[in-house]
Every structure is written in structure tokens, then in C-alpha cells.
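Enquirer: One structure, as C-alpha cells, below. Some questions next.
The values are calculated or read from the model by the stated rules, or taken from the named source; none is laboratory data. Keep in mind it's a predicted model, so treat the numbers as computed, not measured. Don't worry about glycine lacking a Cβ; one is built from the backbone with ideal geometry, like all the others, and counts go over all protein chains shown.
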Amino acid sequence: MQRRRLGQSGVCVSEICLGTMTFGQQTDEAEAFRIMDAAYERGINFFDTAEIYPVPPSAETYGATEEVVGRWLKTKPRDSMIIATKVTGAESGWFIPPVRHGMTSLDRHQIRNAIEGSLQRLQTDYIDLYQTHWPDHGMRYEDTLSALTELANEGKIRVAGCSNETCWGVMKSVQVSENHGLIRYDSIQNNFSLINRRCESELAQVCRREGISLLPYSPLGGGVLSGKYNVDGDFPDGARFSDYLTNGGERQQKMAQRFVNERSLETTRRLQEIAKDLSVSVTTLAIAWSKQHDFVASTIMGVSTFDQLEEHLLADGLVLDAETLERIDQIDAEIPTPMTEDGLRRL
């Protein structure tokens, strides 16, 4: 599997990353080990987790995913893998994290607490990529970056990154890093898919000009691009957005409606025609399309069962030709931004 540089750092990652947010809850440990073993054998060296995982997060389960990954990590040479995790962002109007009794922030005290917990659960003495899970635009960036700089100087992290960040936030962090001689974000992990192409505009320019790599998460649009919501009749049992629409609170129902709507389902239907012509699934097509962007270092795939893995890995080595890309762009021109909102406007 091809590898790409993470930002301007010395860290190189496989162009497909394995996300782990279901491990320890939806995916039991035995299945998670089976998935990680197979991904590792196929050349994936990049594994992404977070202290707040598994999802949906709760005070009873947070940290369980890191524990699963940590036990698996002991079965492999540590230096052969790039491990990424995240410190939970600050509590806000849209979400109070069930971590540290909801008293989360991105200051030195909380970052220190978070890293020590993650290191213990992951059973390692360093994190390759340490990310802020979402920003706090009400506090000073130098407070966050100075704490991350300390961790880098102590050898507890190698590279820093951000997630769910805006273009303004990335540029502000760059300014603060340069003005104060602090660690620089080398990556940004944001939602990016064939139903949410917003990153191709302003954020792509930021990444290219500033040497920051995008790590797209949810390349299947929360599973929408798998086609499972395009079946006739009711949405499939056990699917995340089926549960959100049926049993979720107001925030979860709004999220489901952003992802699953007439525009996103029609986009998926048209993409199925393109995928059929290539003799692949839309899942494979979507991963290949994502990793073909020059500002993307690694696309994060998420699987909850071993049987889902191969369909994602078929994107390894698949390069979409100009005609295919034009057909995809034509769908986007006729149905722009099918995912109606990506959440960043609330930050």
C-alpha cells in the first residue's frame, strides 16, 4: 500500500487508515482483533482512535476502544504502526462530553489528563499523532498549542493535528505556531465524502498552501454511500441513522436528516451506475475517489464487521480515470452539497 507524508512532518502513513470508533461496543474485541490483523497484513500502518470512543459515547464506555486497540497493539512491533488518538474537545452548546464529568477543555490541565489516560489504555509510551477532537474558538490557541508542544518535547507525541476544525481555525493555529514558536498542526481530520465535498474549496487551499494534510473521515457519508438506505421500504435495522431517526434525540435526528435525504439517496443511486460500469461497489469507488485528492494523506475507513473490510481494501491501487471523475463531477453539479450541513457552522 502506498504511503504519504503527514503534513510537513517525518511521519508517513498508509493512504488508507483504519478507524476504530465501533470497537469495544458494536464490534466486540475478537472481531476487532480480526479486522486489525487483516488490515495490518494488507499494508495499513495507520490506526485512528479517540479517548471518547466507542460511539455513541457514554460515561460508562469511553476509553474502551483505546483499551481494545492497546491490547492488540501489544501483539505487533510498535514501531511498525502509526497510532492516532484524540483529546476530547471542550463542552459546548451542542454536546457535553461524557469524559472527566463533562469538565473538558483544551487547556494544559485537561490535555495532560487526557494524554496520560490514553497512553495507559493504549499501553504505549508515545502517540504518533495526537489530535484535538474539536476546537474551542473561545479560548487562546497558544494555550492549547503550548501544552501540545510540551508533550512533543517530552517524547509523548510525535505530531499534532486537529479535527472538525474550520479554515479560520487552521489559519489561526498556523499564525500562533509561527508567532510563538509552538508545535504546528500537520493534519486536519474532517468530514469529507461524495455527499459532502466542501473540503475541496477553501480547506483544500489551506492544506495545499500551508502543508497540512487532510484525513477524511466518514468517506461513505455515514454509510449512506454503501447503498443500504436506498433499499425500498423502511431503513435497514441496526443502521446508525435508522436508530437515530427512530430512537434518537433532537440532535441525533437532525444529524440523520443531514446525511439521509432525497438528495443524498439520489446521488448514491447515480454513483451506483458509475460503480457498476467499473465492476466495483460504491464503497470502493468512494474510498478511491477520496484518496485521489492531492491534499489528502490518508482516508479513514470505518468497518464494524470483518466482512465489510475487503470492499474497502479493494480501493487500494484503484485510480479513477478522467472520464469517471467527470461523471462524478456531473452528479455534483446537478445535486450540489447533498449532505445539507456538516456541522462546522456551529463552531
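Enquirer: Out of Thr75, Thr61, report the one residue that is within 22 Å of Tyr40 (Cα to Cα), over 17 Å from the mean Cα position of the chain (by Cα) and assigned to a loop (DSSP other than H, G, I, E, B). Before the answer, list the steps.
Expert: Working: Thr61 fails: within 22 Å of Tyr40 (Cα to Cα).
None of the others qualify; the one that does is Thr75.
Enquirer: How many residues does segment 11-31 hold that are in contact (Cβ under 8 Å) with a residue 24 or more places away in the chain, among the small types (Gly, Ala, Ser) and either touching a Gly at 6+ places or on another chain (Cβ under 7 Å) or surrounded by fewer than 22 Cβ atoms within 10 Å (Cβ to Cβ) (or both)?
Expert: 2
Enquirer: Can you go through Ser213, Ser279 and tell me which one is buried (at least 20 other Cβ atoms within 10 Å of the Cβ) and within 30 Å of Asp321 (Cα to Cα)? Quick ask: steps written out before the conclusion?
Expert: Details: Ser279 fails: buried (at least 20 other Cβ atoms within 10 Å of the Cβ).
The conditions single out Ser213.
Enquirer: Please specify each residue of segment 52-68 satisfying the condition of being at pLDDT below 95 and surrounded by 17 or more Cβ atoms within 10 Å (Cβ to Cβ).
Expert: Pro57
Enquirer: Can you find a residue in segment 313-325 that is within 26 Å of Thr27 (Cα to Cα) and in a helix (DSSP H, G or I)? It would help to see each step written out before you state the result.
Expert: Restricting attention to segment 313-325, the residues satisfying the condition of being within 26 Å of Thr27 (Cα to Cα) are 313-316.
Okay, now just the ones that are also in a helix (DSSP H, G or I), so 313.
Checking segment 313-325: at least one residue is within 26 Å of Thr27 (Cα to Cα) and in a helix (DSSP H, G or I).
Enquirer: Assess whether Phe235 counts as being without any contact (Cβ under 8 Å) to a residue 60 or more places away in the chain and not β-branched (Val, Ile, Thr). Don't jump to the end; show me each part of the working.
Expert: Details: without any contact (Cβ under 8 Å) to a residue 60 or more places away in the chain: yes; not β-branched (Val, Ile, Thr): yes.
The answer is yes for Phe235.
Enquirer: Restricting attention to segment 73-101, report how many residues are of a type outside the set (A, V, I, L, M), closer than 19 Å to Gln120 by Cα and surrounded by 22 or more Cβ atoms within 10 Å (Cβ to Cβ).
Expert: Total satisfying the criteria: 3.
Enquirer: If you don't mind, another one. Among Ser187, Ser146, Ser173, Ser177, which is more than 20 Å from Tyr53 (Cβ to Cβ), among the polar types (S, T, N, Q) and either buried (at least 24 other Cβ atoms within 10 Å of the Cβ) or touching a Cys at 6+ places or on another chain (Cβ under 6 Å) (or both)? Break it down into steps so the answer makes sense when it comes.
Expert: Values: Ser187 fails: more than 20 Å from Tyr53 (Cβ to Cβ); Ser146 fails: either buried (at least 24 other Cβ atoms within 10 Å of the Cβ) or touching a Cys at 6+ places or on another chain (Cβ under 6 Å) (or both); Ser177 fails: either buried (at least 24 other Cβ atoms within 10 Å of the Cβ) or touching a Cys at 6+ places or on another chain (Cβ under 6 Å) (or both).
After ruling out the rest, the residue left standing is Ser173.
Enquirer: Would you check which residues across segment 231-283 are in a helix (DSSP H, G or I), farther than 17 Å from Ile331 by Cα and small (Gly, Ala, Ser) and list them?
Expert: Answer for segment 231-283, where residues must be in a helix (DSSP H, G or I), farther than 17 Å from Ile331 by Cα and small (Gly, Ala, Ser): Ser242, Ala256.
Enquirer: Same structure again: Would you tally the residues in segment 11-31 being in a loop (DSSP other than H, G, I, E, B) and farther than 11 Å from Val303 by Cα? Walk me through it before giving the result.
Expert: Of segment 11-31, the ones in a loop (DSSP other than H, G, I, E, B) are 11, 15, 20-22, 24-26, 28.
Filter again for farther than 11 Å from Val303 by Cα, leaving 11, 15, 24-25, 28.
Selection size over segment 11-31: 5.
Enquirer: Given the structure, is Leu220 part of a loop (DSSP other than H, G, I, E, B), under 18 Å from Asp332 (Cα atoms) and either in contact with a Phe, Trp or Tyr (Cβ under 8 Å, 6 or more places away or on another chain) or touching a residue at least 24 places away in the same chain (Cβ under 8 Å) (or both)?
Expert: Working: part of a loop (DSSP other than H, G, I, E, B): yes; under 18 Å from Asp332 (Cα atoms): yes; either in contact with a Phe, Trp or Tyr (Cβ under 8 Å, 6 or more places away or on another chain) or touching a residue at least 24 places away in the same chain (Cβ under 8 Å) (or both): yes.
Spelling it out, Leu220 is indeed part of a loop (DSSP other than H, G, I, E, B), under 18 Å from Asp332 (Cα atoms) and either in contact with a Phe, Trp or Tyr (Cβ under 8 Å, 6 or more places away or on another chain) or touching a residue at least 24 places away in the same chain (Cβ under 8 Å) (or both).
Enquirer: Something else now. Looking at segment 89-116, which of its residues are part of a loop (DSSP other than H, G, I, E, B) and small (Gly, Ala, Ser)? I'd like the intermediate steps shown before the answer.
Expert: Initially, segment 89-116 is screened for residues part of a loop (DSSP other than H, G, I, E, B), giving 89-99, 103-107.
Gly89, Ala90, Ser92, Gly93, Ser105 - these are the residues of segment 89-116 that are part of a loop (DSSP other than H, G, I, E, B) and small (Gly, Ala, Ser).
Enquirer: Go through segment 139-175 and count every residue that is without any contact (Cβ under 8 Å) to a residue 40 or more places away in the chain, out of contact with any strand residue (DSSP E or B) (no Cβ under 9 Å at 6 or more places or on another chain) and more than 18 Å from Ala114 (Cα to Cα).
Expert: Qualifying residue count for the region: 6.
Enquirer: What are the pairs with Cβ atoms under 6 angstrom where one residue, in segment 284-309, is closer than 23 Å to Ala204 by Cα and among the aromatic types (Phe, Trp, Tyr) and the other, located anywhere, is crowded, with 20+ Cβ neighbours inside 10 Å and at pLDDT 95 or above? Sequence gap at least six, or different chains.
Expert: Phe295/Cys207; Phe295/Leu214
Enquirer: If I ask for residues that are surrounded by fewer than 23 Cβ atoms within 10 Å (Cβ to Cβ) and not hydroxyl-bearing (Ser, Thr, Tyr), which ones from segment 191-205 would you list? Working first, answer last.
Expert: So the first thing to find is which residues in segment 191-205 are surrounded by fewer than 23 Cβ atoms within 10 Å (Cβ to Cβ), and the list is 191, 197-198, 200-205.
Those that are surrounded by fewer than 23 Cβ atoms within 10 Å (Cβ to Cβ) and not hydroxyl-bearing (Ser, Thr, Tyr): Asn191, Arg197, Arg198, Glu200, Glu202, Leu203, Ala204, Gln205.
Enquirer: Could you tell me how many of the residues in segment 314-347 are surrounded by fewer than 21 Cβ atoms within 10 Å (Cβ to Cβ) and at pLDDT 95 or above?
Expert: Selection size over segment 314-347: 20.
Enquirer: Looking only at segment 289-300, count every residue that is among the aliphatic types (A, V, I, L, M) and either touching a Gly at 6+ places or on another chain (Cβ under 6 Å) or surrounded by fewer than 24 Cβ atoms within 10 Å (Cβ to Cβ) (or both) and tell me the total.
Expert: Narrowing segment 289-300 to residues among the aliphatic types (A, V, I, L, M): 296-297, 300.
Cutting the leftovers down to either touching a Gly at 6+ places or on another chain (Cβ under 6 Å) or surrounded by fewer than 24 Cβ atoms within 10 Å (Cβ to Cβ) (or both) gives us 296, 300.
Residues flagged as among the aliphatic types (A, V, I, L, M) and either touching a Gly at 6+ places or on another chain (Cβ under 6 Å) or surrounded by fewer than 24 Cβ atoms within 10 Å (Cβ to Cβ) (or both) within segment 289-300 amount to 2.
Enquirer: One residue is enough: does segment 32-51 have a residue meeting the conditions part of a loop (DSSP other than H, G, I, E, B), β-branched (Val, Ile, Thr), buried (at least 24 other Cβ atoms within 10 Å of the Cβ) and in contact with a Phe, Trp or Tyr (Cβ under 7 Å, 6 or more places away or on another chain)?
Expert: For segment 32-51, residues part of a loop (DSSP other than H, G, I, E, B), β-branched (Val, Ile, Thr), buried (at least 24 other Cβ atoms within 10 Å of the Cβ) and in contact with a Phe, Trp or Tyr (Cβ under 7 Å, 6 or more places away or on another chain): absent.
Enquirer: Next question. Cβ contacts < 8 Å: first residue more than 21 Å from Ser218 (Cβ to Cβ), restricted to segment 324-340; second residue among the β-branched types (Val, Ile, Thr), any location; separation 6+ or different chain. Result?
Expert: Qualifying pairs under 8 Å: Thr324/Ile274; Arg327/Ile274.
Enquirer: Would a scan of segment 284-291 turn up a residue that is in a loop (DSSP other than H, G, I, E, B), in contact with an Asp or Glu (Cβ under 6 Å, 6 or more places away or on another chain) and at pLDDT 95 or above?
Expert: no
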